[in-house]
Amino acid sequence: MRPSGRQLDEMRKVSIEPGVMRHAEGSCLIKVGDTHVLCSASLEQRVPPFLKNSGLGWVTAEYGMLPRATHTRGRREAAMGKQSGRTQEIQRLIGRSLRAGVDRVALGERQISIDCDVIQADGGTRCASITGAWVALRLAVNKLMKTGEVISDPLIDPVAAVSCGIYGGQPVLDLDYAEDSEAGTDANFIMTGSGGLIEVQASAEGATFSRERLDNMLDLATKGVTELVEAQKAAVS
């Protein structure tokens, strides 16, 4: 029995509210159970120096958690003078995940910066951030196409992410904190709407896991991502 009472293949309740920020070109508030992330997309008419005069666009991301997003207050990383290794790893993951679904030639020589701010955490913050970030990106690109700045849609496929794990000896979908903190195996699957794998992060927290269990988790992730993509499409329609 899962602590939440969910079935093994049952997602937490997902909601995505688009357009929650007045000034951002694209934004949404995504809620996956009690994990809540505010995502915004900002259009910049520039690219990193290594892409100057290349004709290629760029999508990048920043990630952070508010001090009381968790059970105890965490120090602001700005106050510490540097980002933690975890923060840097997650924001790089968000950026490269989104770029996997972008035609950078069609985007043109411009940059879209995504900000993901966790306002409440209960497991799966990186997955919720990626899923919400794509919605913010989609809305920003819609504006570019509406004004005629971009002619061909640069977004090839939706991108979403979900966690899976081995909890109580059973493969489960979409771990919350209670499960994540006790799971024997923890995995994150980033996928496209058409089922392509972008990245898989999986690690045994104790005993090793079998190829069969990995396949079980992949099947669960495919189901979860399919549901998330439906929520994404509903949010931007």
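Worth a mention:
For every residue, the table says whether it meets (1) touching a Ser or Thr at 6+ places or on another chain (Cβ under 9 Å); (2) outside any loop (DSSP other than H, G, I, E, B); (3) over 24 Å from K233 (Cβ atoms).
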| residue | (1), (2), (3) |
| --- | --- |
| K31 | yes, yes, no |
| V47 | yes, no, yes |
| S54 | no, no, yes |
| A61 | yes, yes, no |
| G74 | no, no, yes |
| A79 | no, yes, yes |
| T87 | no, yes, yes |
| L98 | yes, yes, no |
| A106 | yes, yes, no |
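- Exclusive hit being of a type in the set (D, E, K, R), under 21 Å from the mean Cα position of the chain (by Cα) and either buried (at least 22 other Cβ atoms within 10 Å of the Cβ) or farther than 30 Å from R46 by Cα (or both), set D157, D176: D176
- Pairs with Cβ under 8 Å, 6+ apart, first in segment 123-139 and at positive phi and assigned to a loop (DSSP other than H, G, I, E, B), second of a type in the set (D, E, K, R) and surrounded by 24 or more Cβ atoms within 10 Å (Cβ to Cβ): G124/D174
- Among the residues examined, V20 qualifies as aliphatic (A, V, I, L, M), touching a strand residue (DSSP E or B) at 6+ places or on another chain (Cβ under 8 Å), without any contact (Cβ under 8 Å) to a residue 60 or more places away in the chain and part of a loop (DSSP other than H, G, I, E, B).
- Of everything in segment 190-237 that is of a type in the set (S, T, Y) and not in a helix (DSSP H, G or I), the residue that is nearest to V20 (Cα to Cα) is S237.
- Filtering segment 183-224 to residues that are among the charged types (D, E, K, R), more than 15 Å from L8 (Cα to Cα) and surrounded by fewer than 14 Cβ atoms within 10 Å (Cβ to Cβ) leaves R211, E212.
- Only one entry of V20, V59 meets the criterion of being of a type in the set (A, V, I, L, M), within 14 Å of the chain's Cα centre (by Cα) and closer than 26 Å to M191 by Cα, and that entry is V59.
- Close pairs from segment 84-97: first touching a residue at least 12 places away in the same chain (Cβ under 8 Å) and of a type in the set (A, V, I, L, M), partner surrounded by 14 or more Cβ atoms within 10 Å (Cβ to Cβ) and part of a helix (DSSP H, G or I), Cβ under 6 Å, at least 6 apart: I90/R126; I94/S129; I94/I130; I94/A133
- Yes/no for T35 being β-branched (V, I, T), without any contact (Cβ under 8 Å) to a residue 60 or more places away in the chain, more than 13 Å from W134 (Cα to Cα) and in contact with a helix residue (DSSP H, G or I) (Cβ under 9 Å, 6 or more places away or on another chain): no
Throughout, read-outs are computed from the coordinates displayed, never taken from laboratory work. Treat the numbers as computed from the prediction; the structure is a model and nothing was measured. Every residue, glycine as well, gets a Cβ built from its backbone with ideal geometry; the counts of neighbours run over all protein chains shown.
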